[in-house]
1. Which residue fluctuates most in the GNM of the chain (Cα springs below 10 Å): 44, 21, 12?
2. So for the chain, taking the charge dipole from beta-carbon charges (+1 Lys/Arg, -1 Asp/Glu), which of 33, 47, 21 sits furthest toward the positive end?
3. Find me the longest stretch of the chain that has none of the exposed chymotrypsin sites (Phe, Trp or Tyr not before Pro), where exposed means in a DSSP loop (not H, G, I, E or B) with at most 16 other Cβ atoms within 10 Å.
4. Suppose we keep just the alpha-carbon trace of the chain; what are its Rg and Dmax in angstrom?
Amino acid sequence: MGDVVPFKKPKLKDKFKGKTLCREGFHKWVVVTANQFDVKQGRLVTVYKCARCGERKVKAI
């Protein structure tokens, strides 16, 4: 027989860590520098990505 591994139920604090602020609109925006030129618009853009939830927004310069 194998070893018995006890499973713990994750705490609510750990389950929703970092998501409550984003849900209320307080994102932690970080600039993504991989692609700065939008081919469809034909101009430079700034891409922001939330460090907590991964949501993205694009702002034209």
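1. The residue that fluctuates most here is 12.
2. 21
3. 27-61
4. 19.3, 64
No value in this document is a laboratory result; all are computed from the given coordinates. Just so we're clear, the structure is a prediction, and the values are computed from it rather than from any experiment. Note that each Cβ is placed from the backbone with ideal geometry, even for glycine, and that neighbours are counted across all protein chains shown.
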